[in-house]
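Okay, structure first, notes after.
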Amino acid sequence: MPFMRTQKVTVEELARILADAGLLNEQQTAEVAVRAEPQRARLARSRGGPEKSRETARRLSPAEIIASMGLVPSGDAGAPALDEDRIVRVLADHAGVPYVKIDSLRLDAQLITSTLSLPFARRTSVLPLSRSDDELTVAVVDPYDVALFDELTRLTGAKLRIRLTARTDIQKHITEVYGFKRSVARAAREMTAGIDLGNLEQLVRLGNVDELEANDRHVVSAVEYVLHYAFDQRASDIHIEPKRDHSRIRMRIDGVLHDVYRIPKAVHPAIVTRLKMLARLDLAERRRPQDGRFKTDKSGDEVEMRLSTLPVAFGEKVVIRIFDPSVIIQDIAGLGFDPESERRFLSYIERPNGLVLVTGPTGSGKTTTLYSTLRYLASPEVNITTIEDPIEMVVETFNQIAVQPKIGLDFAQALRHVLRQDPDIVMVGEIRDPETANQALQAALTGHLVFSTLHTSDSATSVTRLLEFGLNPYLVSSTLVGVVAQRLVRTVCEACRTEEVLSSEQRAMLDIELPPGADRELTVAAGAGCVRCRGTGLYGRTGIFELLSVSDTIRNLINDRSDSAEILRAARADGTVSLRESAVRKLAERATSFDEVVRITVDESRR
């Protein structure tokens, strides 16, 4: 702990520290001294309002004030302006105190709320991170605030381990942790007191964090905290799972589930009820699964939330799938195709008619590929109709139909009627049965461009699956244009990117053969692990693809009812790149890691 001095760092002192580190020149240092107090007052007014501006100004950190000035590092005109995190890192190095970027998923809400009261944490900008025996690790703003450290030692009775963090980060996590915890605790008290939740109002928009903190609608606030958190963490799914003694909330981020919260068992039914109200489901029905949807706002964009309930051993489990338009609908170039694969794919989708299949397991990115393709093809001159179960995301550009088996409107029946609506392009959510497959082929044969999906492991198997439906091989060979098999691989985190050399054993595992005379070492990217990527070394995802074009050779094999292995051999001879080869290319481009390629393409080694 830094006890060498007892005075807090001032804005002017921090500016000199930044100058010593080569980030500010003399002119910028002088500018900071002149602008410090006016900038402090301006920030306080914008964040605290007229009534609280004096108190807010007192709590602002020097790093916040300097960061708000938008200063560019000295001698680097093209660099981004100094932000609070970078400034705090420099201060941490100067003081000899470790810097930490707080990982939301690793915070212990119980430790935080039981160690410090909300007013104290808010006033002092302190966040407990972990406790071991008599040692307490805390995130603070100033490494020289000895008075605060003495007070913390007295309050907690523990030896302190100090970590330096941006004040904005600390305040954000204080709001999230205490706000959610308080909402859940109050809701738990209300549940045990028998409060009726039947009058909770319909959600129109998510309140911002400050509104939630002052909100007395405890269950509503708890749900909104969860949704805000999911948006911040780029989650694609939220799982709310009842257990014997508690309820667990998990979120899927980049395809991997993470534990986020535990809530009292008494609160679980109320949260489920609130979510069912938003999705307009039957509140009284708890014995049968239900599906619904609702929309909310995220940074000015509408986000679709699809909700599914399922009765399990200890109550109703809820899964919310988040359809963010910025993720679901992308440019074709952003999907992850290499140049040759993109050229092939565009040749499929720019035809006036034919059947194009996209295959892969659940979570492989098929929806993103199809929606992005339809958006690419959409224009005022084109009539696009989709048949889905359910509608994944409502897009006004398309005419979207949800199948309703209860009234006899299945894929085949809907497609039969769609063809009377003068469509140019039809997307059938999934081919599940011979009738739907036959209708799709007839639509393609009569001058329509048809897209659909099949749940098969590779492209060649999709062809034989159509034949297994009892379809005429000649009809399949004359209408099928191409098949796209795909998966999603996580990409290397830019914040902790490093390099590693593949061993000969690793190269052999992926069937990588270096050309004669080439360097016998293959350097690839890897992630060291950081807060941004939650220690995985991977952040975000991209697609890998296997494209099978129906050439004359493939048509002849289809007409002869050849098996998938023979079709795949012919496709490889025609230039089809396998999923594993596509993943290895991503590895060679240093977009993904060796372990991720092995994880995603483990089944490819058997082909």
Being modelled with pLDDT of 90 or more, more than 30 Å from THR453 (Cα to Cα) and surrounded by fewer than 17 Cβ atoms within 10 Å (Cβ to Cβ) is the requirement here; does THR498 meet it?
yes
Among the numbered criteria (1) in contact (Cβ under 8 Å) with a residue 40 or more places away in the chain; (2) within 28 Å of the chain's Cα centre (by Cα), which one does ALA21 miss?
(2)
Long-range neighbours under 8 Å by Cβ, at least six apart or interchain, first residue closer than 14 Å to VAL394 by Cβ and assigned by TED's automatic domain parsing to the domain that holds VAL394 within the range 366-384, second among the charged types (D, E, K, R) and surrounded by fewer than 21 Cβ atoms within 10 Å (Cβ to Cβ):
ILE384/ASP424
Taking only pairs six or more apart or across chains, which ones have beta-carbon atoms under 6 Å, a first residue in the range 456-477 that is in contact (Cβ under 8 Å) with a residue 60 or more places away in the chain, and a second residue that is in a helix (DSSP H, G or I) and of a type in the set (D, E, K, R)?
THR456/ARG465; SER477/ARG555
If a residue must be in a loop (DSSP other than H, G, I, E, B) and surrounded by fewer than 17 Cβ atoms within 10 Å (Cβ to Cβ), how many such residues does the range 113-130 contain?
1
Got a number for residues in the range 328-350 being surrounded by 18 or more Cβ atoms within 10 Å (Cβ to Cβ) and of a type in the set (A, V, I, L, M)?
4
So ALA33 fits all but one of (1) surrounded by fewer than 19 Cβ atoms within 10 Å (Cβ to Cβ); (2) within 30 Å of ARG234 (Cα to Cα); what number is the exception?
(2)
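Do we have LEU548 as out of contact with any Lys or Arg (no Cβ under 8 Å at 6 or more places or on another chain), over 30 Å from ASP169 (Cβ atoms) and surrounded by 21 or more Cβ atoms within 10 Å (Cβ to Cβ) here?
Working: out of contact with any Lys or Arg (no Cβ under 8 Å at 6 or more places or on another chain): yes; over 30 Å from ASP169 (Cβ atoms): yes; surrounded by 21 or more Cβ atoms within 10 Å (Cβ to Cβ): yes.
Spelling it out, LEU548 is indeed out of contact with any Lys or Arg (no Cβ under 8 Å at 6 or more places or on another chain), over 30 Å from ASP169 (Cβ atoms) and surrounded by 21 or more Cβ atoms within 10 Å (Cβ to Cβ).
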Working carefully through the options SER341, SER379, find the one that is more than 22 Å from GLY292 (Cβ to Cβ) and touching a strand residue (DSSP E or B) at 6+ places or on another chain (Cβ under 7 Å).
SER341
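State the number of residues belonging to the range 90-110 that are of a type outside the set (S, T, N, Q) and under 27 Å from the mean Cα position of the chain (by Cα).
Selection size over the range 90-110: 10.
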From the set of residues in the range 542-580 that are touching a Gly at 6+ places or on another chain (Cβ under 8 Å) and among the small types (Gly, Ala, Ser), which is nearest to LEU510 (Cα to Cα)?
GLY543
Just one listed residue, out of THR592, THR553, THR601, THR542, is at pLDDT 90 or above, of a type in the set (Ser, Thr, Tyr), closer than 16 Å to GLY255 by Cβ and touching a helix residue (DSSP H, G or I) at 6+ places or on another chain (Cβ under 6 Å), and it is THR592
Complete set of residues in the range 420-442 that are buried (at least 16 other Cβ atoms within 10 Å of the Cβ), without any contact (Cβ under 8 Å) to a residue 40 or more places away in the chain and either in contact with a Phe, Trp or Tyr (Cβ under 6 Å, 6 or more places away or on another chain) or not in a loop (DSSP other than H, G, I, E, B) (or both):
GLU435, THR436, ALA437, ASN438, GLN439, GLN442
The correct count of residues that are surrounded by fewer than 19 Cβ atoms within 10 Å (Cβ to Cβ) and in a helix (DSSP H, G or I) in the range 96-112 is 6
Of the listed residues (LEU471, LEU475), the one being at pLDDT 90 or above and within 21 Å of LEU547 (Cα to Cα) is LEU475
Given GLY300, GLY255, which one is surrounded by fewer than 19 Cβ atoms within 10 Å (Cβ to Cβ), modelled with pLDDT under 85 and out of contact with any helix residue (DSSP H, G or I) (no Cβ under 9 Å at 6 or more places or on another chain)?
GLY300
Can you say whether LEU370 is on the phi < 0 side of the Ramachandran plot, modelled with pLDDT of 90 or more, surrounded by 13 or more Cβ atoms within 10 Å (Cβ to Cβ) and of a type outside the set (S, T, N, Q), as far as the supplied structure shows?
yes
In the range 385-419, what residues are in contact with a helix residue (DSSP H, G or I) (Cβ under 9 Å, 6 or more places away or on another chain), in a helix (DSSP H, G or I) and more than 24 Å from GLY292 (Cβ to Cβ)?
ALA412, LEU415, ARG416, VAL418
Under 9 Å by Cβ, and 6 or more places apart or on different chains, what pairs join a residue from the range 259-288 that is without any contact (Cβ under 8 Å) to a residue 12 or more places away in the chain with one that is outside any loop (DSSP other than H, G, I, E, B)?
ASP282/LYS276; ASP282/GLN290; GLU285/LYS276; GLU285/THR309
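Just name the residue that is surrounded by the most Cβ atoms within 10 Å (Cβ to Cβ) out of those in the range 131-141 that are closer than 30 Å to LEU18 by Cα and free of Cβ contacts under 8 Å to residues at least 40 places away in the same chain.
VAL138
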Lone unmet requirement of (1) surrounded by fewer than 19 Cβ atoms within 10 Å (Cβ to Cβ); (2) in contact with a helix residue (DSSP H, G or I) (Cβ under 7 Å, 6 or more places away or on another chain); (3) modelled with pLDDT under 85 for ALA44:
(1)
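The values are calculated or read from the model by the stated rules, or taken from the named source; none is laboratory data. All figures in this text were calculated on a predicted structure; none of them were measured in a lab. FYI the Cβ positions are ideal-geometry reconstructions off the backbone, even for glycines, and counts take in every protein chain you see.
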